[in-house]
Number of protein chains: 2
Amino acid sequence: MNKFHKVIIDTKGTDKGPLEIISGVAAALEAHESLAVLLVGDRELLEKETEARGMPKERVEILDAPGEITNYDNPADAVFRKTDSSMIKALAKLAEDEELCGMISGGNTGAFIAGSIRYLSRPDRTRPALAAIFPSVSGGYTCLVDTGATVDCTPQMLVQFAKLGSEFMRDSYKIESPRVGLLSNGSESTKGNKVVKETHQLLVDAEDINFIGNIEGCNAFSGDCDVLVCDGFAGNQVLKVTEGTATRIITDVVKYAKKTESPEIMKLVGHLMSLYDISSLGGGIILGSRKPLIKIRGSSGKDAIVNTSEMLINIAENRKAFNKGQDKI
Amino acid sequence: MNKFHKVIIDTKGTDKGPLEIISGVAAALEAHESLAVLLVGDRELLEKETEARGMPKERVEILDAPGEITNYDNPADAVFRKTDSSMIKALAKLAEDEELCGMISGGNTGAFIAGSIRYLSRPDRTRPALAAIFPSVSGGYTCLVDTGATVDCTPQMLVQFAKLGSEFMRDSYKIESPRVGLLSNGSESTKGNKVVKETHQLLVDAEDINFIGNIEGCNAFSGDCDVLVCDGFAGNQVLKVTEGTATRIITDVVKYAKKTESPEIMKLVGHLMSLYDISSLGGGIILGSRKPLIKIRGSSGKDAIVNTSEMLINIAENRKAFNKGQDKI
């Protein structure tokens, strides 16, 4: 049994380039003693940079991948044609190497999902969903699923998202029976569009889901539920409207700070930035594949690597604790 | 020609009761010299209170309505059974009295919409939509439509919402050719669920709509468009997530202010509250009826009456300026 949790990391495909990812890896190795990494990308660059930063050799391996999938590539196409890309080589390796416990990539989201279907589908062919994790007002976290992978959903798909989100919150945060809410336009069970109303009834009837009822957008992250279920169109709105509103208000506070030249308010800006820095929360998580896959934003900085590698370590440890290793999924 | 713009105001159906509405009316009459009101509610109370506050008699009339529609009433039912309620009496009066230029109510939204269909439908039987007005980053306003009246929409309905929103922004803010955006999960024309993709093409083809393309949730109020079109389910999320996020961040700032006891930050709280006090923005507007109908929130304070009566005055004046009086609609 390996004493490390080994994570495979795609070093290409982000806006800020491989060096930012490598800095993140260095910080993550320092922050998490049980972390080991397999870096995928240009061997020469990776060898030079890991050496220059003095990364511990016993915890760093490199897999050469000359190709790259960009955001201009058609996802399904790229998965089949760009097999020398860092993303696809990483997914193929993750699928066959039992030691690897999960993957982090900042590349093309669609290709990451399509690739997960090709290489890491579960035996029951679960449809993958893209989740986001938000800190809730009450101090915990809420898993919003789906945030854009599937924009036209049937009630059955939404029930599946509820199961995947529950599984993720159990594995990541040790919540035994995650509370599942259904995003709607009112908290009453009669509220919702056609699909949401049908889903509501299915969730009430599902014995293996701890369904607590409808949740309105204003309470999305109030901490009332651990998993918030919606179709990818609505979820994308929740995600982006939250982000847009937070950015806007923080910009207003910055303007006010500049006008008043108050050092107190400048300090407050720092405080708010740390609370609402969505990029440091780790971006999206692909649920439903055989191993956990984390999509960090294309614009992510090194904090994203530190935080998401911690998430993968937690999942690996908790799955072991729950006595359900990856091989059982 | 009457020199006043006369607005009919439902004094019942709000959480804070008639006295709060009456205070709002007093403030609105003071703020807007051209405003006259017809107050609908308990005659005795209204006579006593308008007298006690010394409201100008030539600008205040009263219509007695002993009944009330509550939020527990079934909307469609209430419209037909509660004809002695303040809301229904006001709608009936508004429909027959040419002098009245619009209505304000804080009562049951569903009943207000159902009542507007019964009493103020346009000859072409336009389906009403519920819009919200948000201040945009660029200093203007954005009309979000629909925010919850119709949660399952066809592409044709969304095109109709684009027209209604454009008409409203012309009439309220004198924008000659309002820029219409379509809410989607990506700015590219290929993004969206099935209904949004079909709507996109219809909007491209519509010659009487100034369509500028898809808008993502993070840019909903960036000022890129004057009208943002979506179905009532998504619109409800945009509205409530914006509100929830703003409330949350302002709460964080208040906590921080208390902890640091900084008077500078307390002042900032006041500044943010004034920027993001959604209740003062006037709540929802029912589009598609023969005369403008404004729904203020059940929890609204007097600012809502001051702001929404100004909106109705502007619409009346601009419609006159555009040479399209109410009788032509």
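The values are calculated or read from the model by the stated rules, or taken from the named source; none is laboratory data. Owing to the predicted nature of the structure, the values given are computational and were not obtained by experimental measurement. Note that we place each Cβ from the backbone using ideal geometry, even for glycine, and neighbour counts take in every protein chain shown. SASA here: full protein model, heavy atoms, side chains in, ligands and nucleic acids out. Shrake-Rupley method; radii C 1.70, N 1.55, O 1.52, S 1.80 Å.
Go over the candidates B:G106, B:G110, B:G102 one by one and state the one that is in contact (Cβ under 8 Å) with a residue 60 or more places away in the chain, more than 19 Å from B:D171 (Cβ to Cβ) and not hydroxyl-bearing (S, T, Y). Before you say what the answer is, go through the steps one by one.
On the way: B:G110 fails: in contact (Cβ under 8 Å) with a residue 60 or more places away in the chain; B:G102 fails: more than 19 Å from B:D171 (Cβ to Cβ).
Testing whether each residue is in contact (Cβ under 8 Å) with a residue 60 or more places away in the chain, more than 19 Å from B:D171 (Cβ to Cβ) and not hydroxyl-bearing (S, T, Y) leaves just B:G106.
Within the range B:159-177, how many residues turn out to be over 16 Å from the mean Cα position of the chain (by Cα) and either within 13 Å of chain A (Cβ to nearest Cβ) or farther than 20 Å from B:G192 by Cβ (or both)?
Summing the residues that are over 16 Å from the mean Cα position of the chain (by Cα) and either within 13 Å of chain A (Cβ to nearest Cβ) or farther than 20 Å from B:G192 by Cβ (or both) in the range B:159-177 gives 4.
For the structure I just gave you, tell me whether A:E188 is more than 17 Å from A:V145 (Cβ to Cβ), open to solvent by 30 Å² or more (accessible area, probe 1.4 Å) and modelled with pLDDT of 95 or more. Even if it seems obvious, please write down each step before you answer.
Values: more than 17 Å from A:V145 (Cβ to Cβ): yes; open to solvent by 30 Å² or more (accessible area, probe 1.4 Å): yes; modelled with pLDDT of 95 or more: no.
No; evaluated as a whole, the condition is false for this residue.
Just checking, which of B:K255, B:K291, B:K259 is more than 7 Å from chain A (Cβ to nearest Cβ), open to solvent by 10 Å² or more (accessible area, probe 1.4 Å) and farther than 22 Å from A:V137 by Cβ? Step through it out loud before you land on a result.
Working: B:K255 fails: farther than 22 Å from A:V137 by Cβ; B:K259 fails: farther than 22 Å from A:V137 by Cβ.
Among B:K255, B:K291, B:K259, only B:K291 is more than 7 Å from chain A (Cβ to nearest Cβ), open to solvent by 10 Å² or more (accessible area, probe 1.4 Å) and farther than 22 Å from A:V137 by Cβ.
Select from the range A:1-11 the residues that are open to solvent by 20 Å² or more (accessible area, probe 1.4 Å) and over 18 Å from A:P56 (Cα atoms) and list them in ascending order.
Result: A:M1, single match.
Output the number of the condition that B:Q160 fails; it satisfies all remaining conditions of (1) in contact (Cβ under 8 Å) with a residue 24 or more places away in the chain; (2) surrounded by fewer than 19 Cβ atoms within 10 Å (Cβ to Cβ); (3) part of a helix (DSSP H, G or I).
The number of the failed condition is (2).
I need the full set of residues from the range A:64-81 which are buried (at least 21 other Cβ atoms within 10 Å of the Cβ) and part of a loop (DSSP other than H, G, I, E, B), in order please.
Scanning the range A:64-81 gives A:A65, A:E68, A:I69.
Would you mind finding the one in A:I286, A:I215 that is among the hydrophobic types (A, V, I, L, M, F, W, C), farther than 24 Å from A:E20 by Cβ and part of a strand (DSSP E or B)? So that I can check it myself, show each step before the final result.
Working: A:I286 fails: farther than 24 Å from A:E20 by Cβ.
Step by step, each of A:I286, A:I215 is checked, and only A:I215 is among the hydrophobic types (A, V, I, L, M, F, W, C), farther than 24 Å from A:E20 by Cβ and part of a strand (DSSP E or B).
All but one of (1) of a type in the set (D, E); (2) in contact (Cβ under 8 Å) with a residue 60 or more places away in the chain; (3) over 19 Å from B:T126 (Cα atoms) hold for B:E167, so report the exception by its number.
(3)
If a residue has to be outside any helix (DSSP H, G or I) and not charged (D, E, K, R) to count, how many in the range B:219-272 make the cut?
Within the range B:219-272, the first condition is being outside any helix (DSSP H, G or I), and the residues that meet it are B:220-231, B:261-262.
This time we only want the ones that are not charged (D, E, K, R), so: B:220-223, B:225, B:227-230, B:262.
Here the count works out to 10.
Looking at B:T14 and the list (1) in contact (Cβ under 8 Å) with a residue 40 or more places away in the chain; (2) open to solvent by 30 Å² or more (accessible area, probe 1.4 Å); (3) not aromatic (F, W, Y), which single condition is not satisfied?
(2)
Determine whether A:C225 is of a type outside the set (G, A, S), touching a Lys or Arg at 6+ places or on another chain (Cβ under 8 Å) and within 16 Å of A:S166 (Cβ to Cβ).
Values: of a type outside the set (G, A, S): yes; touching a Lys or Arg at 6+ places or on another chain (Cβ under 8 Å): yes; within 16 Å of A:S166 (Cβ to Cβ): yes.
Yes: the conditions hold for A:C225.
If you take the residues in the range B:226-252 that are farther than 30 Å from A:I265 by Cα and acidic (D, E), which one is farthest from the other protein chains (Cβ to nearest Cβ)? Steps first, please.
So in the range B:226-252, the residues farther than 30 Å from A:I265 by Cα come out as B:226-237.
Next, only the ones that are acidic (D, E) stay: B:226, B:231.
Values: B:D226: 17, B:D231: 8 Å.
It comes out as B:D226.
I need a count of the residues in the range B:163-185 that are surrounded by 15 or more Cβ atoms within 10 Å (Cβ to Cβ) and not in a strand (DSSP E or B).
First, pick out the residues of the range B:163-185 that are surrounded by 15 or more Cβ atoms within 10 Å (Cβ to Cβ): B:163-173, B:175, B:178-185.
Subset that is not in a strand (DSSP E or B): B:163-173, B:175, B:178, B:185.
Summing the residues that are surrounded by 15 or more Cβ atoms within 10 Å (Cβ to Cβ) and not in a strand (DSSP E or B) in the range B:163-185 gives 14.
Go through the range A:199-239 and report how many residues are among the charged types (D, E, K, R) and crowded, with 24+ Cβ neighbours inside 10 Å.
Filtering the range A:199-239 down to residues among the charged types (D, E, K, R) leaves A:205, A:207-208, A:216, A:224, A:226, A:231.
Retained after the next criterion (residues that are crowded, with 24+ Cβ neighbours inside 10 Å): A:226, A:231.
Adding up the residues that qualify gives 2.
How many of the residues making up the range A:273-303 are modelled with pLDDT of 80 or more and either of a type in the set (S, T, N, Q) or touching a strand residue (DSSP E or B) at 6+ places or on another chain (Cβ under 8 Å) (or both)?
Applying the first criterion (modelled with pLDDT of 80 or more) to the range A:273-303 yields A:273, A:284-297, A:303.
Within this subset, residues satisfying the condition of being either of a type in the set (S, T, N, Q) or touching a strand residue (DSSP E or B) at 6+ places or on another chain (Cβ under 8 Å) (or both) are A:284-296.
Residues in the range A:273-303 being modelled with pLDDT of 80 or more and either of a type in the set (S, T, N, Q) or touching a strand residue (DSSP E or B) at 6+ places or on another chain (Cβ under 8 Å) (or both): 13 in total.
Looking at B:D42, B:D84, which one is open to solvent by 30 Å² or more (accessible area, probe 1.4 Å), in contact with a Pro (Cβ under 9 Å, 6 or more places away or on another chain) and under 30 Å from A:G186 (Cα atoms)?
On the way: B:D42 fails: under 30 Å from A:G186 (Cα atoms).
Every option except B:D84 fails the conditions.
As an exercise: evaluate B:V204 against (1) over 16 Å from B:L144 (Cβ atoms); (2) within 12 Å of chain A (Cβ to nearest Cβ) and give the number of the one condition it does not meet.
Just one mismatch for B:V204, condition (2).
Hey, among A:I286, A:I296, A:I305, which residue is more than 10 Å from every other protein chain (Cβ to nearest Cβ) and touching a Lys or Arg at 6+ places or on another chain (Cβ under 9 Å)?
Result: A:I286 is the single residue among A:I286, A:I296, A:I305 that is more than 10 Å from every other protein chain (Cβ to nearest Cβ) and touching a Lys or Arg at 6+ places or on another chain (Cβ under 9 Å).
Looking at A:C225 and the list (1) without any contact (Cβ under 8 Å) to a residue 24 or more places away in the chain; (2) under 20 Å from A:I175 (Cβ atoms), which single condition is not satisfied?
Unmet for A:C225, out of (1) without any contact (Cβ under 8 Å) to a residue 24 or more places away in the chain; (2) under 20 Å from A:I175 (Cβ atoms): (1).
Is it the case that the range A:53-63 has a residue that's under 21 Å from the mean Cα position of the chain (by Cα) and over 25 Å from A:N314 (Cβ atoms)? Break it down into steps so the answer makes sense when it comes.
Within the range A:53-63, the subset under 21 Å from the mean Cα position of the chain (by Cα) is none.
Taking every residue of the range A:53-63 in turn, none turns out to be under 21 Å from the mean Cα position of the chain (by Cα) and over 25 Å from A:N314 (Cβ atoms).
Which pairs do you get when a residue that is at positive phi, found in the range B:189-206, comes within reach of a residue that is modelled with pLDDT of 95 or more, reach meaning Cβ atoms under 6 angstrom, with the pair 6+ apart or on two chains?
Matching pairs, first to second residue: B:G192/B:S184.
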